[in-house]
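The values are calculated or read from the model by the stated rules, or taken from the named source; none is laboratory data. Keep in mind the model is a prediction, meaning the values are calculated, not measured. No Cβ is skipped: glycine too gets one built from the backbone with ideal geometry, and neighbour counts run over all protein chains shown. Quick note on the areas: whole protein, heavy atoms, side chains included, nothing else; ligands and nucleic acids left out. Shrake-Rupley method; radii C 1.70, N 1.55, O 1.52, S 1.80 Å.
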There are 4 protein chains.
Amino acid sequence: MQSKIRVGILAATGTIGQRFVELLANHPKFEISALAASTNSAGKTYREACRWQISNGPPSQVADMLISECKPDLDCELIFSALPTDQAREREPEFASAGYKLFTNASPYRMRDDVPLLIPEVNPDHLKLLPAQQTFSSGGFIVANPNCSASVVVIALAPLHAAFGVKAVIVNTMQSVSGAGYPGVPSLDSLDNVIPYIPGEEEKMADETRKMLGRFTDGHLHKAPLKFSAHCNRVPSRDGHLETVSVAFEKSVSVDEITAVWEAWYPEPQQLDLPTAPHQVVSVRKEVDRPQTRLDRDTGNGMTVTVGRLRSCEVLEYKFVALAHNALRGAAGGSVLNAELALAKGYLQ
Amino acid sequence: MQSKIRVGILAATGTIGQRFVELLANHPKFEISALAASTNSAGKTYREACRWQISNGPPSQVADMLISECKPDLDCELIFSALPTDQAREREPEFASAGYKLFTNASPYRMRDDVPLLIPEVNPDHLKLLPAQQTFSSGGFIVANPNCSASVVVIALAPLHAAFGVKAVIVNTMQSVSGAGYPGVPSLDSLDNVIPYIPGEEEKMADETRKMLGRFTDGHLHKAPLKFSAHCNRVPSRDGHLETVSVAFEKSVSVDEITAVWEAWYPEPQQLDLPTAPHQVVSVRKEVDRPQTRLDRDTGNGMTVTVGRLRSCEVLEYKFVALAHNALRGAAGGSVLNAELALAKGYLQ
Amino acid sequence: MQSKIRVGILAATGTIGQRFVELLANHPKFEISALAASTNSAGKTYREACRWQISNGPPSQVADMLISECKPDLDCELIFSALPTDQAREREPEFASAGYKLFTNASPYRMRDDVPLLIPEVNPDHLKLLPAQQTFSSGGFIVANPNCSASVVVIALAPLHAAFGVKAVIVNTMQSVSGAGYPGVPSLDSLDNVIPYIPGEEEKMADETRKMLGRFTDGHLHKAPLKFSAHCNRVPSRDGHLETVSVAFEKSVSVDEITAVWEAWYPEPQQLDLPTAPHQVVSVRKEVDRPQTRLDRDTGNGMTVTVGRLRSCEVLEYKFVALAHNALRGAAGGSVLNAELALAKGYLQ
Amino acid sequence: MQSKIRVGILAATGTIGQRFVELLANHPKFEISALAASTNSAGKTYREACRWQISNGPPSQVADMLISECKPDLDCELIFSALPTDQAREREPEFASAGYKLFTNASPYRMRDDVPLLIPEVNPDHLKLLPAQQTFSSGGFIVANPNCSASVVVIALAPLHAAFGVKAVIVNTMQSVSGAGYPGVPSLDSLDNVIPYIPGEEEKMADETRKMLGRFTDGHLHKAPLKFSAHCNRVPSRDGHLETVSVAFEKSVSVDEITAVWEAWYPEPQQLDLPTAPHQVVSVRKEVDRPQTRLDRDTGNGMTVTVGRLRSCEVLEYKFVALAHNALRGAAGGSVLNAELALAKGYLQ
């Protein structure tokens, strides 16, 4: 039996860090060998340092592991980063320079020309950007996963874009409070309220969507030329980002054709049977009132995007609803799947 | 001093019925002389029959008034109806035939050619449809107010439509649970959830918007030819419908021009100083994160529409956020204002 | 291999009925052979008739099973009943008379002298009441599980009662909305609110506690003579009943002794390794702020009672906090465990 | 006309600071002449510095007032303090030493022997402690109002204590998130959860209750010798602390006698018609399910304590439910009423 790859987690005690721990505690290919967090937490056990938010307490494998500081001397080959933006901007290049293969959920390097902004089902060939990274020859690199709200709409649109060409998109998000981390949104701001603004989110969604739906040809990434407009809102749900989408295509297309494309989609991660890849990338619900945040966010262990209510839009052409779990598909799960794809493609040797 | 007009309320014990009671208990022009509800409640005092949902208990003027059955023999001239759809379809024509002037929040007759679907600030001249009603000569008629979610967007768009011509609209609603009445949405469906479907709501919004923004000329109502597409969602807030709007205009226009039109809007109900008309029809917030449901729904005693975040939309032309109190501006308050306009225009003699 | 016992579920589409389905779909001893619900649902598939509330949809084994009417001609030996009170009062004796072994979550027969009100860890010997039931010789009988809020405090107190004698208890419940079933509590009553009243609940808690902590001797059940006072409240959480308890004992006792008794408790269902019995009946948390409803309700698959904050009470002697999942330990899980105990004890032959 | 007393507010931008502003903006006796907050906010206008949480925006009288630093050189005679604990401990004596009359909502000096812990309806004569304060001769002093959760139960018990003697109390609180200030409780901790712990709260409730129900005789305060045990919980409501209370009295007493005492209570602040004193100190509801947090917290402009469900308790003697608005009666409103009493009694000359 092949030994597992030793992995470290940066910001391991936060909301997304905990999801990394949850997903990696029993992973068939990776094993957690390092947990890093703030100077405050360093030296404590994970159990002591972490205010565990998920049911049933931290996994026993890591509960008594000691927390390290976030410095590039961790005992591991591969890093998952849940660092906040400012720290990510500073620290992540240090880790890549030191030869670590870094899979990050943070935003600072997502739009860099030589960083793959990766969803394995959507743009696996963007991994070909890696050799362009300066640190690649020394073994280190950065792969980013997208913003949690971008994940949902991009996965729903990707097979349609391949089949029919997406021309224009208007999306309205209804995002859960866990998307803002911990402590994140104060109760006084969320209880009995909707906040129609999340800093930077609308721009990220547009930019990241065009990058991920872009094509890698001639050694370069060509962004998708589609028009994209987002309205981002925070609503009082715990997990799961629900999004309504209006879309226009390059080609004329029917409801049945769109549904058929979603249901037939069986991309590379599913073909490769990657451990974190859901059986169904997109699940199409037929009921008039689905997906719903609470009922469908855990589909496919939180890695499936559930869509429904596909119908014509009088202004663009079609409209529908899409949902995914922001902390799993939209963050930690997406990053773990990225590493699994990189492993399968030979980038982790 | 002129004596007040005696008014009755149908379905007076429900969520919207209670709002009618709240608004009419101390009204300068109207006085409550009849309260009607289901056979179950008839004969009880209002206090006994009503599960009062608003702070501070039912007003003392009506608390001990006896409930009547919903039959067209009520001791009043004017009726406000909060009847559920099925009962409204059957009963409201009986009241109009019996000579009552009926102002209804119910949906069955909103789209009838001879029924004004009225927002006093938006289409006061639609009252001219009244003489076409068969019962008009006998004194009875029906005036409807729109669906609560249509009110918000129509008020925000009306002055822009007049100034620049609205060509296309995509709106996404985030509607509070009080919009579904009582008992309405079960807690198990709303807590930690979003439901992306409200039966009939999307169609109503489109149809009613085109009717209300239509022009009355040559004795006929010509619906506005704009394209309209709605995504309607139920979120876990109590009161207030928040809506995100993308819009395209006939004319080229700037952010400043749009803002100027909103701020300068001072239509007839405000000029006439109608009792329920808010000082400002549209309040423009400059903060990046406003309006918010809880903070802004009570602006102008729940009769003002608050807008914010006006910015360009890459797909249509502009996008913004709009909010109003669904049970006040969007229901009972809208209906009371309709009656005040009808009074000022001489339709209640 | 022994074949499984065929079981039916009454009111299978409701909140608790769904939990029965969830627990029995892959049970090692029981298999679902009949699903019964209202006349409305009869003849439909379970998938069609049921508004499934739990993540991930109804189990595939039952999704296409046809719903029967609630009549005592179901194809099964054993019945789990989630009937509402009125229907339970009428129907359950019919099933017992027809020879069905009935395990019910309903309240009407809980306090009947010959009905075991059973928590397998607490009073397994109360099953000895069964032969006194008139229908027993024909094979049919009724076993009840307690009210969901009684389960929590009784399990926490049972080992202390055995060791030290409970003299007096004041308990305050903070109960989740799922305890009221579906549609149950309207959103307008739960959002941003606490309701300090649940019909009949306080009396049930007192009566049921005294019965369950009673002793079966000389062929009779002698209720525990303890004083019991409950304050029952509905709070805006989805699942899990959190209770604060003040208690006085017959004997003088220390915090360490109480903790030791809880941690050492390893009663018959755990010794017999019954499938639904949790490894730990009572989990003692040391943190100052635990148990918490959301974090601890799923401990032991929702069958463990989590306690914490044990400290002295200036008025009685000690006080602590206890929590369990109302729909699992407090309802369907409790009933399934009752049937497992009855099977192990030879009552299902 | 007598000119108003000029008052300053410390920590004016926080949750309780905003309530002080709301209550004092149109006060008949006091006028806001200084607003102080953190160094960060100093120099900004109140509108800029404050994230206003209450409907309708900050009052126009203060919106453009400049924020000062929290130093004892404010242009006012009287200070209302909403300082957090640590700052209050350090700063409040500085203000008293500088001759300011300070009314504080903070906890550090509540239990000091020479500080009146005041609820005007309960213990107005405790103001007689003031001359014992070292700074009194120079004009400065400290008067404290109690912890928000103590206010509720103390007001409900005070007239009963006077009439029958309270011997023992067990209270369970269900406290709203606004009690923890802003940002306070993270959404991830409150949504779908109950937290059965609030640091220091249970001890404060016991100590403060005994002090406030104590008697001032022979120049000394003699604490009430009653037994008191509290269970304190945070629940997902916005405003209002609901408490269940079990109580034993020195004298034998009936439900009717208790009710009569509550309803007849008309203490000094009501007799003096102090501006912030509610018409009814205690409102007794007869319905089985009242008070409820959302429906009753605003009674008497948030200054009335609403009680209900009075019935016998099998363990102590009686039990009931009590509710008040934590940010008004339990904090800012309590403090303003304290100042009004001090004014009426001649302590502000």
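Conditions (1) under 21 Å from D:THR15 (Cβ atoms); (2) out of contact with any helix residue (DSSP H, G or I) (no Cβ under 7 Å at 6 or more places or on another chain); (3) part of a loop (DSSP other than H, G, I, E, B); (4) open to solvent by 10 Å² or more (accessible area, probe 1.4 Å), marked per residue:
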position: D:ARG112; (1), (2), (3), (4): no, yes, yes, yes
position: D:LYS128; (1), (2), (3), (4): no, yes, no, yes
position: D:SER137; (1), (2), (3), (4): no, yes, no, yes
position: D:SER151; (1), (2), (3), (4): yes, no, no, no
position: D:LEU157; (1), (2), (3), (4): no, yes, no, no
position: D:HIS161; (1), (2), (3), (4): no, yes, no, yes
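Hey, does the range C:55-67 have a residue that's touching a Leu at 6+ places or on another chain (Cβ under 8 Å), within 14 Å of chain A (Cβ to nearest Cβ) and more than 29 Å from C:PHE216 (Cβ to Cβ)?
Yes, that holds for at least one residue.
All but one of (1) touching a helix residue (DSSP H, G or I) at 6+ places or on another chain (Cβ under 8 Å); (2) open to solvent by less than 10 Å² (accessible area, probe 1.4 Å); (3) within 14 Å of chain C (Cβ to nearest Cβ) hold for D:ARG290; state the number of the condition that does not hold.
With respect to (1) touching a helix residue (DSSP H, G or I) at 6+ places or on another chain (Cβ under 8 Å); (2) open to solvent by less than 10 Å² (accessible area, probe 1.4 Å); (3) within 14 Å of chain C (Cβ to nearest Cβ), D:ARG290 is out only on (2).
Sort out which residues of the range B:232-243 are more than 7 Å from every other protein chain (Cβ to nearest Cβ) and in contact with a strand residue (DSSP E or B) (Cβ under 8 Å, 6 or more places away or on another chain), and write them in order of number.
B:CYS232, B:ARG234, B:GLY240, B:HIS241, B:GLU243
Filter the range C:237-252 for residues that are open to solvent by 10 Å² or more (accessible area, probe 1.4 Å) and in contact with a helix residue (DSSP H, G or I) (Cβ under 8 Å, 6 or more places away or on another chain); which is farthest from C:PRO124 (Cα to Cα)?
Among residues in the range C:237-252 that are open to solvent by 10 Å² or more (accessible area, probe 1.4 Å) and in contact with a helix residue (DSSP H, G or I) (Cβ under 8 Å, 6 or more places away or on another chain), the one farthest from C:PRO124 (Cα to Cα) is C:ARG238.
Mind checking which residues of the range D:293-349 are open to solvent by 20 Å² or more (accessible area, probe 1.4 Å), more than 13 Å from every other protein chain (Cβ to nearest Cβ) and not in a loop (DSSP other than H, G, I, E, B)?
Listed by number, the residues that qualify are D:LEU343, D:ALA344.
What pairs come up if the first residue lies in the range B:37-56 and is farther than 21 Å from D:ASP298 by Cα, the second is of a type in the set (Phe, Trp, Tyr) and part of a loop (DSSP other than H, G, I, E, B), and their beta carbons are under 9 Å apart, counting only those six or more places apart or on different chains?
Taking only residues 6 or more apart or on different chains, the pairs are B:TYR46/B:TRP52.
Considering only the range D:185-207, state which residues are more than 27 Å from D:VAL307 (Cβ to Cβ) and in contact with a strand residue (DSSP E or B) (Cβ under 8 Å, 6 or more places away or on another chain).
Hits for the range D:185-207 are D:PRO186, D:SER187, D:ASP189.
Inspect the range A:88-108 for any residue being touching a helix residue (DSSP H, G or I) at 6+ places or on another chain (Cβ under 9 Å) and basic (Lys, Arg) and give the result as yes or no.
Scanning the range A:88-108, I find at least one residue that is touching a helix residue (DSSP H, G or I) at 6+ places or on another chain (Cβ under 9 Å) and basic (Lys, Arg), so the answer is yes.
As an exercise: evaluate D:GLU92 against (1) within 26 Å of A:PRO186 (Cβ to Cβ); (2) open to solvent by less than 70 Å² (accessible area, probe 1.4 Å) and give the number of the one condition it does not meet.
It is condition (1) that D:GLU92 fails.
I'm trying to understand the selection: among the residues of the range D:15-40, which are assigned to a helix (DSSP H, G or I) and not charged (D, E, K, R)?
Listed by number, the residues that qualify are D:THR15, D:ILE16, D:GLY17, D:GLN18, D:PHE20, D:VAL21, D:LEU23, D:LEU24.
Can you tell me which of (1) in contact with a Gly (Cβ under 7 Å, 6 or more places away or on another chain); (2) assigned to a helix (DSSP H, G or I) is the one B:GLY179 doesn't meet?
(1)
Does D:ASP64 count as under 24 Å from D:ILE142 (Cβ atoms), touching a residue at least 12 places away in the same chain (Cβ under 8 Å) and surrounded by fewer than 16 Cβ atoms within 10 Å (Cβ to Cβ)?
no
How many residues are part of a loop (DSSP other than H, G, I, E, B) and within 16 Å of A:VAL7 (Cα to Cα) if we restrict to the range A:60-88?
Final tally of qualifying residues: 11.
Among the residues of the range A:41-52, which ones are in a loop (DSSP other than H, G, I, E, B) and either open to solvent by 20 Å² or more (accessible area, probe 1.4 Å) or of a type in the set (Lys, Arg) (or both)?
Scanning the range A:41-52 gives A:ALA42, A:GLY43, A:LYS44, A:ARG51, A:TRP52.
Restricted to the range A:258-271, and to residues that are open to solvent by 30 Å² or more (accessible area, probe 1.4 Å) and of a type in the set (A, V, I, L, M), which residue is farthest from A:GLU340 (Cα to Cα)?
Per the criteria, the residue is A:ALA260.
Quick one: in the range A:175-231, of everything that is among the acidic types (Asp, Glu) and under 20 Å from B:GLN292 (Cβ atoms), which residue is farthest from the other protein chains (Cβ to nearest Cβ)?
So, considering only residues that are among the acidic types (Asp, Glu) and under 20 Å from B:GLN292 (Cβ atoms), the one farthest from the other protein chains (Cβ to nearest Cβ) is A:GLU201.
Looking at (1) of a type in the set (Val, Ile, Thr); (2) over 30 Å from B:THR209 (Cβ atoms); (3) open to solvent by 20 Å² or more (accessible area, probe 1.4 Å), which one does A:VAL255 not meet, given that it meets all the others?
(2)
Among the residues of the range B:172-187, write down those that are without any contact (Cβ under 8 Å) to a residue 24 or more places away in the chain and open to solvent by 10 Å² or more (accessible area, probe 1.4 Å).
The answer is B:PRO183, B:PRO186.
Being within 30 Å of C:GLY181 (Cβ to Cβ) and part of a loop (DSSP other than H, G, I, E, B) is the filter here; which residues of the range C:232-252 pass it?
Result: C:VAL235, C:PRO236, C:SER237, C:ARG238, C:ASP239, C:GLY240.
Taking the condition out of contact with any Pro (no Cβ under 8 Å at 6 or more places or on another chain), of a type in the set (S, T, N, Q), surrounded by fewer than 23 Cβ atoms within 10 Å (Cβ to Cβ) and within 20 Å of D:HIS222 (Cβ to Cβ), does D:GLN133 pass?
So D:GLN133 fits the description; yes.
Residues of the range D:272-287 being closer than 22 Å to C:MET174 by Cα and crowded, with 17+ Cβ neighbours inside 10 Å, which ones?
Across the range D:272-287, the qualifying residue is only D:ARG285.
If a residue has to be assigned to a helix (DSSP H, G or I) and either closer than 24 Å to C:PRO199 by Cβ or not hydrophobic (A, V, I, L, M, F, W, C) (or both) to count, how many in the range D:253-292 make the cut?
Result for the range D:253-292: 10.
Restricting attention to the range A:208-234, and to residues there that are surrounded by fewer than 16 Cβ atoms within 10 Å (Cβ to Cβ) and among the charged types (D, E, K, R), which single residue is modelled with the lowest pLDDT?
Selected residue: A:ASP218.
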